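Report on the structure given below.
The values are calculated or read from the model by the stated rules, or taken from the named source; none is laboratory data. Since the structure is predicted, the reported quantities are computational estimates derived from the model, not experimental observations. Cβ sites come from the backbone with ideal geometry, for glycine too, and all protein chains shown count toward neighbours.
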């Protein structure tokens with residue numbers, strides 16, 4: 001069962017191997033976030049957004065033959081609008097980053113914890129003890145997920161109404177296997193010796 | 001209608017105050033929930049650097065503006081708009 005605690009290269013463990021709400025005697029097996037391609041999408045969007053004002057100015061200048069003012073009220077307004085736009089896209093980026101960074105799924109030797117940040121004012125924390133887990137499965141859907149090896153991991157309990165989803169995590173099959181191993185190990189420790 | 005240049009500045013500061021409020025909330029979440037790790041610090045550093053650069057260029061482009069001057073809203077701004085590209 002040593003494999004349960006072995007680190008996986010692409011599943012980044014938290015530096016301190018700690019998370020908010022952790023019990024003192026609880027050991028973190030892994031802590032995962034969404035795949036890096038999710039944040040990569042935000043970065044690409046941010047880079048493209050930097051070129052939008054330039055494209056607008058080029059269209060105004062070449063297609064509509066608009067003389068870009070270099071002084072006067074129109075110039076001041078234009079500088080402030082562009083400045084606000086750039087501040088805004090960076091603010092949007094940091095917001096998306098925080099949303100990404102605070103969505104985590106943790107497997108410990110006692111339970112599975114899901115912490116999800118939805119927007120600025122909603123944070124959901126849910127947990128499932130290992131002895132309640134009935135089934136673990138993974139799903140890779142689509143070309144991008146297949147190529148980059150990421151997808152969802154579903155952790156189900158005996159009752160159908162409880163299901164955990166590790167969304168868009170790296171190496172979902174391996175994550176599912178580690179969760180299943182942890183559940184198995186937990187069950188073994190609960191069986192009294194004959 | 002005569003409008004002082006500093007009215008643009010006031011509007012800019014109001015928008016900036018709203019942005020700072022959202023920035024505070026984001027930073028609060030990052031620090032409060034205990035994940036202000038290396039990646040969080042790098043992203044925050046990049047973000048602050050970007051904002052500093054934007055502020056610097058904004059200041060550079062607007063440093064010579066006399067904010068107490070006034071302009072005629074309908075004469076200088078709306079009157080300058082060239083609408084010749086629109087179909088007659």
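Of the residues examined, residue B:58 is not one that is at negative phi and in contact (Cβ under 8 Å) with a residue 12 or more places away in the chain. One residue stands out among those in the stretch A:64-86 that are more than 8 Å from chain B (Cβ to nearest Cβ) and assigned to a helix (DSSP H, G or I): the one that is surrounded by the most Cβ atoms within 10 Å (Cβ to Cβ), which is A:82. Taken over the stretch A:109-147, residues that are more than 27 Å from residue A:189 (Cβ to Cβ), out of contact with any strand residue (DSSP E or B) (no Cβ under 6 Å at 6 or more places or on another chain) and surrounded by 16 or more Cβ atoms within 10 Å (Cβ to Cβ) amount to 0.
Yes/no matrix, rows are residues, columns are (1) touching a residue at least 60 places away in the same chain (Cβ under 8 Å); (2) within 25 Å of residue A:45 (Cα to Cα):
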| residue | (1), (2) |
| --- | --- |
| A:74 | no, no |
| A:77 | no, no |
| A:85 | no, yes |
| A:114 | no, no |
| A:119 | no, yes |
| A:124 | no, no |
| A:130 | no, no |
| A:158 | no, no |
| A:169 | yes, yes |
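Picking from residues in the stretch B:54-71 that are part of a helix (DSSP H, G or I) and more than 9 Å from chain A (Cβ to nearest Cβ), the one that is farthest from the chain's Cα centre (by Cα) is B:60.
Let's see how each residue does on (1) loosely packed, with under 12 Cβ neighbours inside 10 Å; (2) more than 8 Å from chain A (Cβ to nearest Cβ); (3) at pLDDT below 90; (4) over 30 Å from residue B:70 (Cβ atoms):
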| site | (1), (2), (3), (4) |
| --- | --- |
| B:6 | no, yes, no, no |
| B:21 | yes, yes, no, yes |
| B:24 | yes, yes, no, yes |
| B:28 | no, yes, yes, yes |
| B:33 | no, no, yes, yes |
| B:38 | yes, no, yes, yes |
| B:49 | yes, yes, no, yes |
